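The structure appears right after this line, and notes come after that.
Values in this text are rule-based calculations from the coordinates and carry no lab data. Just so we're clear, the structure is a prediction, and the values are computed from it rather than from any experiment. All Cβ positions, glycine included, derive from the backbone under ideal geometry; neighbour counts span all protein chains shown.
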Amino acid sequence: MVKRLFFEYYADDFRMIYEQNKSFLWDINLSFLECCLNLLDESPKYKLSDKYVDLSDSPEYLNLRSSIHPKKKSDLNGLFDIPSYQQVFGKAFVSNLSIIDLIFCEGPNANFVLKQSLNISPTK
């Protein structure tokens, strides 16, 4: 049963990722990241490193690693506040699901919703 408005439109993009035989969760996560960025019409702006790079003194970067935890409510100190968007099931909006939920529910409008959620000025 299809539960999201744009599920059928984007399902094959995600299916290609989870049907791959990858050895490491990191590789799967990176594939999902790149897929989501492509669907949002954003070019990937990241660099992989083989060691920790301390950018704590750089005004161009935010270190949010301790702000996001899988078992605790995220504390982003007002940096990100997603507005409610149309979800197919349920009576009330459920926040903090995933970028995939946003893409499946909002489709081409997902990038706009994300940009409206940012309460920071873009970096270079």
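Of the labelled options (1) 11, 35, 23, 16, 12, 3, 0; (2) 11, 33, 28, 22, 5; (3) 10, 35, 40, 14, 1, which one gives P(r) over Cα pairs in 10 Å bins from 0, in percent as computed for this structure?
Comparing each candidate, only (3) matches the computed number.
With r as the distance between the Cβ atoms of N21 and I99 and R0 = 30 Å, compute the FRET efficiency 1/(1 + (r/R0)^6) and round to 0.05.
E between I99 and N21, to the nearest 0.05, is 0.80.
Net charge near L40: determine it from the other residues with C-beta under 14 Å of the C-beta of L40, scoring Lys and Arg +1 and Asp and Glu -1.
-4
Amide H neighbours of F80 under 5 Å, counting only residues 5+ apart in sequence or on other chains, H built in-plane at 1.01 Å?
When sequence neighbours closer than 5 places are left aside, the close amide H contacts are N119.
Dipole size in debye (nearest 20) for the chain around its Cα centre, Lys and Arg Cβ +1, Asp and Glu Cβ -1?
Dipole magnitude for the chain comes out near 400 debye.
Pairs on different chains or at least eight residues apart, Cα atoms closer than 21 Å: how many lysine pairs in the chain fit?
Close lysine pairs under the 21 Å cut-off: 6.
Using θ = phi - 60° and the Karplus form 6.51 cos²θ - 1.76 cosθ + 1.60, what ³J(HN,Hα) does each residue of the range 40-45 get, whole Hz, x for Gly and Pro?
With coefficients 6.51, -1.76 and 1.60, one gets 8, 6, 10, 7, x, 10 Hz.
Which one of Y61, F112, S31 is farthest out on the positive end of the charge dipole of the range 7-117, using unit charges on Cβ (Lys, Arg +1; Asp, Glu -1) and the Cα centre as origin?
It is Y61, whose Cα lies furthest towards the positive end.
From the backbone phi of the range 29-38, what are the Karplus-calculated ³J(HN,Hα) couplings (6.51 cos²θ - 1.76 cosθ + 1.60, θ = phi - 60°) in whole Hz, Gly and Pro given as x?
My calculation for the range 29-38 gives 4, 5, 5, 5, 4, 5, 4, 4, 4, 5 Hz in order.
So between R65 and Y85, what do we pick up on full extension, going 0.36 nm a residue minus the alpha carbon distance? Each step should come with its number before you reach the end.
Working: separation 20, 0.36 × 20 = 7.20 nm, distance 2.63 nm.
The R65-Y85 span can extend by a further 4.6 nm.
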